[in-house]
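Engineer: Before we start, here is the structure in question, set down as structure tokens.
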Amino acid sequence: MTRKDALGLPMSGADATAADLYHQALHAFQCYRGDPVAITEQASSRSPEFVMARVLHAYLHLLGTEPDGFAVARADLEAAGTLPSAARERAHLTAVQHLVDSEWHVASRILEDIAIDYPNDILALQVGHVVDFYTGASRLLRDRIARALPSWSADMPGYHAIIGMHAFGLEETGLYARAEAAGRRAVELERRDAWAWHAVAHVMEMQGRTTEGIAWLRSDSDAWSVDNFFAVHNWWHLALYHLELDEVDEVLRLFDGPIYGQRSRVVLDMIDASALLWRLKLRGIPLGERWQAVADGWEPIADAGNYAFNDAHAMMAFTAAQRRGAAERVFAAQAHAVDGSDDKRFFVREVGSPVTRAIHAFGEGDFAETVRLLRPVRDRANRFGGSHAQRDLLDLTLIEAAVRDGQLALARALIAERIDLKPDSASARVLLARAAEPRVRQVA
């Protein structure tokens with residue numbers, strides 16, 4: 001049984017009800033809201049031979065970089081592997097297999113080819129976009145979507161997601177005016193599109209438009225925060241704006257509330273929790289027992305070793321909470337990854353290992369070692385994923401380490417870069433004043 005979806009693409013093995021459920025799950029995924037996993041499971045239960053329901057289910061378990069997701073995706077592959085399918089669907093299954101095998105770059109190329117042949121395959125575009133984010137492929141973040149744009153129009157289902165993704169790609173390649181316009185248009189079309197809200201927030205972060213960023217995210221926070229998988233990350237962006245204004249009480253309120261008040265064990269949420277606390281640590285802000293709570297979340301997966309970007313954020317928590325045993329488990333997992341044959345070895349060897357060791361060195365008070373490790377990788381840090389805003393933490397750590405180690409000329413040079421990009425940055429001016437002091441107080 002082969003039906004066609006709303007964009008004319010075949011859906012092998014789906015009856016009408018299952019096809020409708022699939023479309024609901026796809027829309028939920030596009031907005032990062034609701035429970036697309038449960039909806040795809042309903043679709044598969046309704047039509048056990050529905051190939052694309054299995055494909056979407058597998059992708060949803062892989063794209064969160066959760067260690068437990070691999071087993072689920074393997075089961076989906078096994079279930080779908082013998083089912084009747086079209087060539088495009090088989091290509092998706094192949095992409096899933098490569099993601100299961102941590103062969104991110106091969107999966108990226110397969111998804112790229114699917115979208116070239118089928119530019120209306122919004123699932124190939126969205127999964128490819130997320131893979132581009134995880135692999136630091138900023139140009140593809142923009143161009144994968146740009147290639148498909150001529151085949152899309154505002155009256156097509158999912159168009160908001162297409163231009164929302166394009167907005168983020170434009171932002172990550174420095175085309176801020178176009179990025180903001182596209183992101184705002186996406187939100188006009190679908191107010192619950194959390195990725196589009198996020199794209200505009202990134203523009204304002206990169207341009208130092210702090211008060212505008214706060215106004216943007218607070219203008220309709222229910223749209224991107226209620227029942228939304230991406231809510232914590234957008235709350236994190238809001239906290240960054242308040243931190244730039246030195247409104248530390250508000251930052252801590254956000255951390256203790258929507259960012260980590262529920263003690264989420266979702267990896268992407270724990271990344272945001274670690275990243276925010278580390279920024280506060282760099283400023284010498286007392287944090288009480290907050291690090292212990294975040295370290296508790298990371299500890300069960302300390303040696304997962306499936307994504308180097310996660311390792312670095314786990315190490316922030318383990319170092320700050322003085323979990324030396326957990327830190328050693330991270331190092332052991334990274335050593336194992338370097339000896340492997342999949343893409344993890346590149347992510348770890350080129351960026352992940354030196355960054356993770358630099359974070360550990362900073363926590364141990366070895367600021368000279370932190371500088372030595374971070375300086376060579378800061379210009380290639382995109383290779384282990386994340387956004388410009390997320391990777392800025394490496395520059396902040398490098399600057400603070402240089403200041404504390406007395407390498408003030410280096411610190412001033414790095415701070416000058418920041419002021420050139422954000423002339424009105426109050427936090428950069430504070431750093432510059434500290435770097436000008438002949439003796440810098442060592443902050444614990």
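Engineer: Could you list, in sequence order, the residues of segment 184-209 that are free of Cβ contacts under 8 Å to residues at least 40 places away in the same chain and either surrounded by fewer than 22 Cβ atoms within 10 Å (Cβ to Cβ) or on the phi > 0 side of the Ramachandran plot (or both)?
Structural biologist: So the first thing to find is which residues in segment 184-209 are free of Cβ contacts under 8 Å to residues at least 40 places away in the same chain, and the list is 184-189, 191, 196-201, 203-204, 209.
Across segment 184-209, the qualifying residues are Arg184, Arg185, Glu188, Leu189, Arg191, Arg209.
Engineer: Can you name the number of the only condition in (1) open to solvent by 40 Å² or more (accessible area, probe 1.4 Å); (2) at pLDDT 95 or above that Cys31 fails?
Structural biologist: Among (1) open to solvent by 40 Å² or more (accessible area, probe 1.4 Å); (2) at pLDDT 95 or above, the lone unmet condition for Cys31 is (1).
Engineer: Scan segment 133-149 residue by residue and report those that are under 13 Å from the mean Cα position of the chain (by Cα) and either farther than 11 Å from Glu172 by Cα or small (Gly, Ala, Ser) (or both).
Structural biologist: Restricting attention to segment 133-149, the residues satisfying the condition of being under 13 Å from the mean Cα position of the chain (by Cα) are 133-138, 141.
Listed by number, the residues that qualify are Tyr134, Thr135, Gly136, Ala137, Ser138.
Engineer: Now a separate question. Can you tell me how many residues within segment 303-326 are more than 17 Å from Phe347 (Cβ to Cβ), of a type in the set (A, V, I, L, M, F, W, C) and buried (at least 24 other Cβ atoms within 10 Å of the Cβ)? Outline the logic, then answer.
Structural biologist: First, the residues of segment 303-326 that are more than 17 Å from Phe347 (Cβ to Cβ): 316-326.
From what is left, the residues that are of a type in the set (A, V, I, L, M, F, W, C) are 316-318, 320-321, 326.
Narrowing further to those that are buried (at least 24 other Cβ atoms within 10 Å of the Cβ): 316-318.
Qualifying residue count for the region: 3.
Engineer: Enumerate the pairs (first residue in segment 212-238 and over 20 Å from Val266 (Cβ atoms); second residue anywhere and surrounded by fewer than 19 Cβ atoms within 10 Å (Cβ to Cβ) and at pLDDT 95 or above) with beta-carbon separation below 8 Å, excluding pairs fewer than 6 apart on the same chain, so at least 6 apart or on different chains.
Structural biologist: Hits for this filter: Asp220/Arg191; Ala223/Arg191.
Engineer: Name the residues in segment 147-165 that are buried (at least 17 other Cβ atoms within 10 Å of the Cβ) and either farther than 17 Å from His27 by Cα or among the β-branched types (Val, Ile, Thr) (or both), would you?
Structural biologist: Ala148, Ile162, Ile163
Listed here are the residues, each with its yes/no results for (1) assigned to a loop (DSSP other than H, G, I, E, B); (2) over 28 Å from Tyr307 (Cβ atoms); (3) in contact with a helix residue (DSSP H, G or I) (Cβ under 6 Å, 6 or more places away or on another chain); (4) modelled with pLDDT of 95 or more.
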site	(1), (2), (3), (4)
Leu243	no, no, yes, yes
Val251	no, no, yes, yes
Gly257	no, no, no, yes
Ser264	yes, no, no, yes
Asp269	no, no, yes, yes
Asp272	no, no, yes, yes
Leu276	no, no, yes, yes
Leu280	no, no, no, yes
Gly284	yes, yes, no, yes
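The values are calculated or read from the model by the stated rules, or taken from the named source; none is laboratory data. None of these values were measured; they are calculated from a predicted model. Neighbour counts are summed over all protein chains in view; Cβ atoms, including those assigned to glycine, are modelled from backbone coordinates with ideal geometry. Each accessible area value is taken on the protein alone, full model and side chains, heavy atoms only, with ligands, DNA and RNA left out. Shrake-Rupley method; radii C 1.70, N 1.55, O 1.52, S 1.80 Å.
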